Amino acid sequence: MKKKLFEPPFLPHKKGSTYYNYFPEDNGQTEQPESLLRSMKMYLLSHLKGKKAGQEVHAWIDSYSGKDCSDELVITWLGHATMLIQIANLNILTDPIIKSPSLLYKRILPFGCQLENLPKIDIVLLSHNHRDHMDSPTLKALHTKDKPLFLVPEGNKKWFLSAGIENVQEFSWWQTWQAGSVDFTFVPAWHWSQRGLFDHNKTLWGGWIIQSKQDTVYFAGDTAYNKYYFNTIKSCFPAIDVAILPIGPCDPDELMRRSHMSAQDAGNAFLDSGATSFIPMHWGTFYFGTDLFHTPIERLTTWWNQSQVLLEGKYLFACKVGQQFHLEHHKSSYSNRHDQNR
């Protein structure tokens, strides 16, 4: 059921049938796409570096041992931007992709669980229509397996209907869907959309706030850093328990910062959001930049260690693929450690 929580602070900027990022201030970002030659050069460099990952990949794989549902908040990273979020006895999957988005971009970290071993999925959240986030084979497989409800950005419903998936609702920024006792609100991100040659920015992009009576989760999707966006989300949702933020690709910075966050930017976004716990995502699964496999998580760890004055009462949980984050377990363990350090 759609409902209205508040008046939208601002709406997506649209000219004709094309969406644009909203410019309340000059952040130095641009809308210009990168040249084909530069993109191919980046692709070749990333794959040459990718061969050096070796045993580092295996250190980031855990055995999935989930349960069918959970009233308390449990989050499992399944790779890239795919998170299994279990809250108020709902099973939610974000931006699911099991294999690779194309022959050019091979998967490095495996999907964190066999599809048949996943619990029954109730709701699938999509942030935008890029093929590493809106993967056709995975979405069709989930539809066949569980018939979940798909909540998608504005302009994408027609793709689902053409694929034979009718249980779908589409959203503009700040619109909310209620399922049981949980609210799902589509919130702004600084990014872009495209699946074919002639549909650049014809559909919207964004992130999701998932809010139960006890807990609030912010799944940012793909986004560049924009302080205004994150501050506005905080003003509308001032008690975010967990922020799930992308931390890569990082390099080359002058290209990536147009639509992605570096690890350091993600740290600043975490502070801007006011969240208590930080789960990093969108790293280590595909080589989309020229950084090494471990670069984003190493840079985030360095930033975290250097920013302790700003991070009192904050918590970083760098999940392995298949590893679970239990919010209640974390709260009690963090409280015990904090008391012991006094």
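Mean projected area of the convex hull spanned by the Cα atoms of the chain, taken over all viewing directions: 17.0 nm². Taking a spot 7 Å from the Cα of residue 56 along the direction of its beta carbon, which residues of region 273-306 have an amide N less than 15 Å from it? Those under the cut-off are 283-302. Defining a contact as two alpha carbons under 8 Å apart and six or more residues distant in sequence, what relative contact order in percent does the chain show? 20 percent. For a label point 7 angstrom out from the Cα of residue 2 toward its Cβ, which stretches of region 103-129 have the backbone nitrogen within less than 18 Å? Those under the cut-off are 124-128. Here's the picture: a label point sits 7 Å out from the Cα of residue 68 along the beta-carbon direction, and within region 87-128 the residues with their amide nitrogen under 12 Å of it are 119-120.
Over what distance in Å are the Cα centres of region 80-159 and region 198-214 separated? One Cα centre to the other: 14 Å. Rounded to the nearest 500, the 222 nm mean residue ellipticity of the chain from helices alone is -7000 deg cm²/dmol, with -39,500 (n - 2.57) taken per DSSP H run of at least 4 residues.
Classified by the C-alpha gyration tensor, region 113-271 has an oblate form. Its axis ratio a/c, with a ≥ b ≥ c, is 1.5 or above, and a/b does not exceed b/c. For the set 106/213; 4/157; 3/106, the pairs lying more than 29 angstrom apart at their alpha carbons are 106/213; 3/106.
Considering only beta bridges that DSSP places wholly inside the chain, some 60 percent are antiparallel.
Read the figures in this text as sums done on the coordinates, not as results from a lab. Keep in mind that what you see is a predicted model, and the values were worked out from it rather than measured. We place every Cβ from the backbone using ideal geometry, glycine too, and count neighbours over all the protein chains shown.
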